[in-house]
Amino acid sequence: MAIAAAATATVTMALARPTSNVLLTSHRARWVFTPFAVSSSFTSSSSSSKPSRALILYSKPGCCLCDGLKEKLQAAFLLAGPDSLHDVDLQIRDITSNPEWERAYQYEIPVLARVLSDGTEETLPRLSPRLGVELVQKKIAAALKH
């Protein structure tokens, strides 16, 4: 018991200390957390002539599948190459903040949707939690090309 308590205290203290946000700082501006409306900030930072690519992730606090997908998306956004997602805006929506989203997605989260040019959303096929980051990047890039 004493060992578990000491380990818990160490973890808590480690989490309380400021840490480096290397992964978050590189895309902080693109990760939009909004509970109610689609952000009007879906704009491409790489080129004004290229249309913005945008995704919405429906999730909720305490969802381990949601947290896992967020981590993979974060890593996939950092990868370079022909399937780069650097110009993609990602909005994360907490379904518990909106009754309509909660009714629609309570048994389906995490749900990833792409925002079409007319502002409507298209749900993407579910990504397996077992997929590697590179494959997640490729699948999202392919979905955004359609």
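Per-structure values
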| read-out | value |
| --- | --- |
| Qualifying positions in region 71-112 - assigned to a helix (DSSP H, G or I) and surrounded by fewer than 17 Cβ atoms within 10 Å (Cβ to Cβ) | GLU71, GLN74, ALA75, LEU78, THR96, SER97, PRO99, GLU100, GLU102, ARG103, ALA104 |
| Pairs, first at pLDDT 90 or above in region 112-137, second among the hydroxyl-bearing types (Ser, Thr, Tyr) and assigned to a strand (DSSP E or B), C-beta under 7 Å, six or more apart | ALA113/THR123 |
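The values are calculated or read from the model by the stated rules, or taken from the named source; none is laboratory data. Note that the structure is predicted; figures quoted are calculated from it, not measured. As a convention, Cβ positions derive from the backbone with ideal geometry for all residues, glycine included, and neighbour counts pool all protein chains shown.
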